[in-house]
1. Rounded, prolate or oblate: pick one for segment 1-151, where a ≥ b ≥ c are the square roots of the eigenvalues of its C-alpha gyration tensor, a/c under 1.5 means rounded, and failing that, prolate if a/b is larger than b/c, else oblate.
2. Residue-wise, which Karplus ³J(HN,Hα) couplings in Hz belong to segment 52-60, taking 6.51 cos²θ - 1.76 cosθ + 1.60, θ = phi - 60°, and x for glycine or proline?
3. Over 19 Å between C-alpha atoms is what I'm after, so list which of Lys143/Lys186; Lys257/Lys305; Lys170/Lys305 land there.
4. Return the sequence-ordered ³J(HN,Hα) values of segment 61-67 in whole Hz as given by the Karplus equation 6.51 cos²θ - 1.76 cosθ + 1.60 applied to θ = phi - 60°, using x for Gly and Pro.
5. Order these by the 10 Å Cβ neighbour count, fewest first: Ser162, Ser276.
6. Scan around Val189 for amide H atoms under 5 Å from its own, H built in the peptide plane at 1.01 Å from N, and keep only partners 5 or more places away or cross-chain.
7. Could you list which residues have their amide H under 5 Å from that of Leu217, counting only those 5 or more apart in sequence or on another chain, with H placed in the peptide plane?
8. Neighbour counts of other C-beta atoms within 10 Å: give me Lys143, Lys267, Lys111 arranged from fewest to most.
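Nothing in this text is a laboratory measurement; each read-out follows from the coordinates by a stated rule. What you see is a predicted model; the values in this text were computed from it and never measured. With ideal geometry, Cβ positions are generated from the backbone for all residues, glycine too; neighbour counts draw on all protein chains shown.
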Amino acid sequence: MDGNETFYTVMRRHGISRRSFLKFCAVTAATLGLPPGAATKIAEALESQPRTPVIWLHGLECTCCSESFIRSAHPLAKDVVLSMISLDYDDTIMAAAGDQAEEILEQTIAKYDGRYILACEGNPPLGNDGMYCIQAGRPYLEKLRHMADHCQAIIAWGSCASWGCVQAAKPNPTHAVPIHQVIHDKPIVKVPGCPPIAEVMTGVITYLVTFGRLPELDRQGRPLMFYGQRLHDKCYRRPHFDAGQYVEKFDDEGARKGYCLYKMGCKGPTTYNACSTIGWNGGVSWPVGSGHGCLGCAEDNFWDKGSFYAPVTNLEVTGQVEATADRIGKTAAGVVGAAVAVHAAATVVSRFGKQEEN
């Protein structure tokens, strides 16, 4: 594909009307939570800027990030891959193989040195000089460093690339590490989750392509537009939490009534992600909506923090108002109201503090 073509040019060539193009821009702006007028800016950018070349590498992973990505509905993954960006290399979906595929990497460096985006799915193992992950006859670690030297920015897809994930779980025999522990001189956007939400993935790419800059990030390098709120704050089961109504067993009456899953180990109170607002599978559902507590997969080290079914005891708020679910459940209604007020206030203070530190 011609990397000099704009997204708008490609869409028009495929028979997309101007009206449909503007509608696409409006939907994209709404999905990203951008302010009024952003749709116009998106349209102007996609009409004038050439498609951004992207190199998508795979290290130690299960490819669940790619599986999630291809299920995006707003925008469709095919629009992102075929029109918005120039996906020059992805060894999972590309037709080329062997030497022909590897030559693309050097051709991209020669043509777009310092201008392409490096998307990394999975992580590099450092053990035995990277020999636990060999690609095209060389360690993935070497390939990652070589491509990172010439890229503009890096997207760390999923918890493997962002935090290390299961491969880095104790005792970590391959010494697998997240991308930021290997690459130190390039901006990195972390998009954690196991896998990340499809629309979050395409939304991050859309933002980078449209505005030519990184989105606003939190202290850990995650886009605030998607990782700025806890699942707990937008969860539809939150009123049950405030009322002290909890599921005690997965097959009890509380489970059938949709009570809060806090006692079943839900990590929503300490997890920052967009699951409770964007949802999965086109917004149809998400784990908590399906009756299972959040595992906290968007947070660092979630696999080594103990049982997925043990209640969270530290909700990162001032004092001991939410020390345990039992305490809230046994408290009189008036005191519960005070607890909720403190909970809300602490949430605001915590988020404001994080924005100030950024």
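1. prolate
2. So the Karplus estimates, Gly and Pro as x, are 7, x, 10, 10, 10, 9, 10, x, 6 Hz.
3. Lys257/Lys305
4. Computed from phi, the couplings for segment 61-67 are 5, 10, 6, 5, 5, 5, 4 Hz.
5. Ordered by Cβ neighbours within 10 Å, fewest first: Ser276, Ser162.
6. When sequence neighbours closer than 5 places are left aside, the close amide H contacts are Ile154, Ile155, Ala156.
7. Long-range HN contacts for Leu217: Leu224.
8. Lys111, Lys143, Lys267
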